[in-house]
Structure formats: C-alpha cells, structure tokens
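Rule-based calculations on the coordinates, nothing more; no lab input. All figures in this text were calculated on a predicted structure; none of them were measured in a lab. Cβ atoms come from the backbone with ideal geometry, glycine included; neighbour counts cover every protein chain shown.
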Amino acid sequence: IFFRSCLSHHVMLFVACALHGAFLLYILLLRCAWAAPNLSNVSRGTDAGESTALSTRLKCSKFVPVEIRPKSIASLSVVDCFAKPHLCPQLRAPPTLPGSRLLLLKDVLHTFEGWTLRKKGKAASLLTVGMCEKFSASPVTQATKCVDMAAVATHGFGWNVFHFLAEVMPDILQYLPLLKAHAQMRLLLTTRGMKYWFQLFFPEDNDLLLRRMVPLARKQAAFVRQLVLTTDSKCNRTNAAARVQDLRRFYQSQVLPRYLPSPPEPSFVTVQYRIRKARSLKDHDDLMQQLRQRLPEGTVHEWKGIYPIGNHQEDFALLARTDVYVAPHGAGLTFMLFTPNNSTVVEIQSKSGLPEEVQPLYKWLANASGMRYHVVDAEQDGPSIRCNVGLVVEFVCKSLRKTKCKDVGTAAK
C-alpha cells in the first residue's frame, strides 16, 4: 500500500512538472512570436514622450462576434480628440497632406458609418475623429470581424462617387506608405464597388490594396486591436479643400501622364449624359444641338462618365482637353476633378426635393479645385428635369477661353 501510494505520488508530481514546463515553453514561444521586427519607423508618441512602434502583439484568435447597441451603452461619452489629445495618441510619422494628422487607437470598435467606439471598464467613449454626426446614433450593429491592425477608409456614403473620390481617396493616399511598410495592416472600406479606382490611380499597388481590403456592410462593425485614422472629418469642410487639391495634384502628376503624357490646350465642351432617370436632363438633345450649332465641329462632346468597364484612356484624355464641363446635379459632376486648372463647370440643378445642405455641394468642389462655377436653375418634370437651354449655351460661350461661339444669327443660317 505504501509503495503504491509513493508511486502514485511521484507520477502525479511528474505530470504536474511536465504540464508546468509545457506552459512555460508555450509562453516562451509566444514571446518569441510577438517580438516580430518592426517594419518601419512609424511610431506614436505618449504623454511621457515615449515611442511605441506599431506591432502585432495583439491577436484576434479569441474574438467572439458581439452585438452592440450604441444608445443603450452605459456612460457613453463623446470624446473630442482635439480637446483631449492624450486620449488619441498621434503617430509621429508625418502624413502626406500638410495640416492633417494620423492617430493610433487601440482596442476599438469601428463601424460601417465611420464612428469609433472605445470601451474601458463600464464606461464607453465615442470618438469624434472623422465621424459624421448624422451617423452617430447608429442602430444595432453586429461586430462580426476582428482585425489586428487596420487603417480606416470607411464612409457612410462610400458607395457614392463624390464621397469616395473627394473624401475617401485622400485618406488612402495618406495610408498607402503605412500599408506598404506593414504587411499585416488591413484597409477598412465601406464597399468593394469602388475598387476599380485603385487600378486607375495606383496600378503598381493595386494588388496590395485588393489583398488588404476588409469591407464592412451596413450595420456591421469591426473590432480592431490597432486602428490608424486621419483627423480629417468626412462630414464638414474643415481642411477639405486642401484634401481635394492634394488629390488633384496627385492625379495631374502621377495618374494623367500614364494616359496622356502631353495634353494639348483645353478647348472642348463636354456634356455629361446622365444614364439614370432621376435628375436626367430632358432637354439634353436640344442642348447638344444648340451647342454644336454655335461651336466649331469637334468641339462639343457627349460623355457618360467613368465606370468599371470602359476605355479609361479615352475618358481621361477627353477630360484633360475639356475647357467647360456641363452636367446635371449628381455624382457625375465629381469628374470635374479630372479637368484642367481654371476650367469652368456649369451645373444644371433643380432644388425640388434636394436637401438644402446638398445644393451647394458641387459649387464647393469647384471652388476647392480652383475652377469657375455657374449654376442654371431647372424645373422638375417627373423624375427628370428641364432647364433654359439658351442660358446654358450662353454660360458656355462666355466661359470658353480659346474657342469662340458663333453669334445666334450666324448659327441660325
């Protein structure tokens, strides 16, 4: 009995020691795995002036999908990162856009709409970095994904050409050096529908961007261990003009030369034909006829827009030679970004059913791009609109810098 008890005791002691040793070996291996070399000099500053490089120490292996209800979270407070910068550490790596800043947040939830929630203990904070107030009271959201490290390119209207080009693409310009430096970094996006712009703007980095994309659908959120985002709001015009100018400079210096190395003097009048019935111009054919009567042959061009399938070289070449761009109100006006400096935009707009804050949207874009702008009022006619075609033609004729319009009598003959 004594011998059996001793043997049992030693076996149990041996098993305990083996388990303890295995546990220590596991910890040692984890420490070795965590001590991955830093892939760049990008770092963030803390209150004590310390510098901590972006790392891959935190993993998503134990993440469990959760349901979050922003309105019901206890002690929800809105944190202004500008008023309390110590809560939103800034990356020391300078962004590509002067005046902008990059922040690094840890262990946060980021939603489709573009707001960021951080919860510590029982309290939760809604961070106002790049957040749209109209989306802050989000409905029930499913946190279905976990990402170790990501940059934010989400937007509540990210599927729209205007919001994607004018407000999301400038962010991607800033994130691109980080994505190249950190192989583990992902890019949170609202939609895959705009991915063809990656091929047009970043052909050398297109594969990288497509591999790193993490799309968020409506009512979805991602839990992110280390989140990088810009301080630029996507909902107001603070610093937005500089962002648009930065995008135009990149396009003119890096993108356009691939399609048209030596663009000639702009002389074209380009009229956008809106395919969708909503806000399409019923007088489009009449407008095209009157413009062609008043202008030399080959000056007036009808154009549908830039889409995933099409001849993009012809699209960019046409816009590069456009002196006056005419379009009904809609996302197609965003393509003014690809016309030359000092060109003119003529918007045909019906204010019926159009929210007041949306009406001056393309006037702002034209001013931010350094273009001249005219608006012609239109009347609603079902889903389409009608306008004073003669007034549009006069705006075009007055705006042309090189080409001259024939007078009305000569054109009639």
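Roughly how many debye, to the nearest 20, is the charge dipole of the stretch 274-413 about its Cα centre, given +1 on each Lys and Arg Cβ, -1 on each Asp and Glu Cβ, and no other charges?
With Lys and Arg at +1 and Asp and Glu at -1, about 280 debye.
Round to the nearest 0.05 the FRET efficiency obtained for Leu210 and Thr144 when R0 = 22 Å and r is the Cβ-Cβ distance.
Plugging the Cβ-Cβ distance into 1/(1 + (r/R0)^6) gives 0.60.
Compute the FRET efficiency between Arg386 and Asp107 as 1/(1 + (r/R0)^6), taking r as their Cβ-Cβ distance and R0 = 60 Å, and round to the nearest 0.05.
Calculated value: 0.65.
Could you tell me the calculated FRET efficiency between Gln313 and Val358, based on Cβ-Cβ distance and R0 = 56 angstrom, to the nearest 0.05?
After rounding to 0.05, the efficiency reads 0.95.
So, in nm, how far is label Gln254 from label Tyr196 when the simple model puts each one 7 Å beyond its Cα toward the Cβ?
Result for the modelled spin labels: 2.2 nm.
I'd like to compare 329-335, 211-217, 313-319: which one has the highest average count of other Cβ atoms within 10 Å, and what's the full order after that?
Sorting 329-335, 211-217, 313-319 by mean packing, highest first, produces 329-335, 313-319, 211-217.
Tally the DSSP beta bridges in the stretch 266-400 and give the antiparallel ones as a percent, rounded to 5.
The antiparallel proportion sits near 15 percent.
What number, in percent, do you get for the relative contact order of the stretch 194-300 if the mean sequence gap of Cα pairs under 8 Å and at least 6 apart is divided by its residue count?
19 percent
For Lys219 and Asp286, calculate 0.36 nm times their separation in residues minus their Cα-Cα distance, and state this gained length in nm to one decimal.
Result: 19.6 nm gained on full extension.
Between the alpha-carbon centers of the stretch 181-207 and the stretch 283-349, tell me the distance in whole angstrom.
Their Cα centres are 28 Å away from one another.
Go through the stretch 276-284 residue by residue and turn each phi into a ³J(HN,Hα) via Karplus (6.51, -1.76, 1.60, θ = phi - 60°); whole Hz please, and just put x for glycine and proline.
5, 5, 4, 6, 6, 8, 5, 8, 4
How big is the dipole moment of the stretch 236-292 about its Cα centre under a simple scheme where the beta carbon of each Lys and Arg is +1, that of each Asp and Glu is -1, and everything else is neutral? Debye, nearest 20, please.
That gives the stretch 236-292 a dipole magnitude of about 360 debye.
If we sort 274-281, 163-170 on the protection proxy, mean other Cβ atoms within 10 Å, highest first, what's the order?
163-170, 274-281
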